[in-house]
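The structure appears right after this line, and notes come after that.
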Amino acid sequence: MSDPLTERLRTFIQAEGIAIDKCFQLHPSGVHSVVNCVFSAQARFDAVVIPMLNRLNERLPDTPALTFQEFVTDVDDLGPERYAAEVLNRQKLARRPKVEVARDVAVFLSERRVSTRADFEALTDEKAEQLVLIDLVCKVKGIGPTLAHYLTWLMGREQHVKVDSLLTRLFRRLEPTAQKTELVTAIRAIAAEMNTTPARLDNALWRYESQRGRSQL
């Protein structure tokens, strides 16, 4: 028998008709994954992040061969301030320009011989999680546990869940006292029932809650 939160989530998904996005896809490159991760924090995804990723794609196409070092070199050649103004944006994360946070993540991965998303996918789950969920969080200011999990699934490990403020808000309506570990357990259980991954169910729930929030404005 499943736990009460899982039961509530199952009922909620059925009642609201929440479905997995058939167009869901990950970025081919690790660079675009990192930029997505950093710049989606505290930002409207459709209105801010997608146009920004399109600008980046014109400069550094989102392909599997794109390396983190190419991104670092591109930022350095133009300069972080101009790169923020002309390619990405001037938003901050943990009181730091997001462009600097993204660059630091790219440097961190490149220095550890992870040049592309394929290199990250080649790591064992244990090494990948140690690298991002522990080492990166400790090394780069601005990357906390939530963004670390998001980056991990953007880079291909879809068993991870990004429990951000929107997802937390949704679950508080289902069970006000639910803990983060319980949320993750419930999402993983229902994802298995739906023949999908936790990351894809996470994305579907996030989009539902995001649209709900905009409709109440």
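Within the stretch 174-206, take every residue that is in a loop (DSSP other than H, G, I, E, B) and touching a Leu at 6+ places or on another chain (Cβ under 7 Å) and give me the one that is modelled with the highest pLDDT.
The residue in question is Met194.
Can you list the helices (runs of 4 or more DSSP H) found entirely within the stretch 114-173 that contain at least 2 residues being more than 15 Å from Cys37 (Cα to Cα) and of a type outside the set (Val, Ile, Thr)?
117-121, 125-129
Inspect all residues belonging to the stretch 77-89 and state whether any of them is in contact with an Asp or Glu (Cβ under 8 Å, 6 or more places away or on another chain) and in contact (Cβ under 8 Å) with a residue 12 or more places away in the chain.
yes
In the stretch 156-177, what count of residues is obtained for those that are aliphatic (A, V, I, L, M) and within 14 Å of Thr146 (Cβ to Cβ)?
So the count comes out to 4.
Among the residues of the stretch 84-113, what is the count of those that are within 18 Å of the chain's Cα centre (by Cα), of a type in the set (A, V, I, L, M, F, W, C) and in a helix (DSSP H, G or I)?
Counting residues in the stretch 84-113 that are within 18 Å of the chain's Cα centre (by Cα), of a type in the set (A, V, I, L, M, F, W, C) and in a helix (DSSP H, G or I) gives 7.
Take Thr152 and tell me if it is surrounded by 21 or more Cβ atoms within 10 Å (Cβ to Cβ) and among the polar types (S, T, N, Q).
yes
List the residue pairs whose Cβ atoms are under 8 Å apart, where the first residue sits in the stretch 33-54 and is on the phi > 0 side of the Ramachandran plot, the second is open to solvent by 20 Å² or more (accessible area, probe 1.4 Å) and assigned to a loop (DSSP other than H, G, I, E, B), and the two are 6 or more positions apart or on different chains.
Close Cβ pairs satisfying both conditions: Gln42/Gln91.
Hey, can you tell me all the residues within the stretch 164-183 that are within 17 Å of the chain's Cα centre (by Cα) and surrounded by fewer than 19 Cβ atoms within 10 Å (Cβ to Cβ)?
Hits for the stretch 164-183 are Asp164, Ser165, Leu166, Thr168, Lys180.
May I ask you to list the residues in the stretch 63-74 that are surrounded by fewer than 17 Cβ atoms within 10 Å (Cβ to Cβ) and part of a loop (DSSP other than H, G, I, E, B)?
If the condition is that a residue be surrounded by fewer than 17 Cβ atoms within 10 Å (Cβ to Cβ) and part of a loop (DSSP other than H, G, I, E, B), then Thr63, Pro64, Ala65 are the ones that fit.
The values are calculated or read from the model by the stated rules, or taken from the named source; none is laboratory data. Because the structure is predicted, anything quoted here is derived from the model rather than measured. Positions of Cβ are generated from backbone atoms using ideal geometry, with glycine treated the same way; all protein chains shown enter the neighbour counts. For the accessible areas, the whole protein counts, side chains as well, though only heavy atoms, and no ligand, DNA or RNA atoms are used. Shrake-Rupley method; radii C 1.70, N 1.55, O 1.52, S 1.80 Å.
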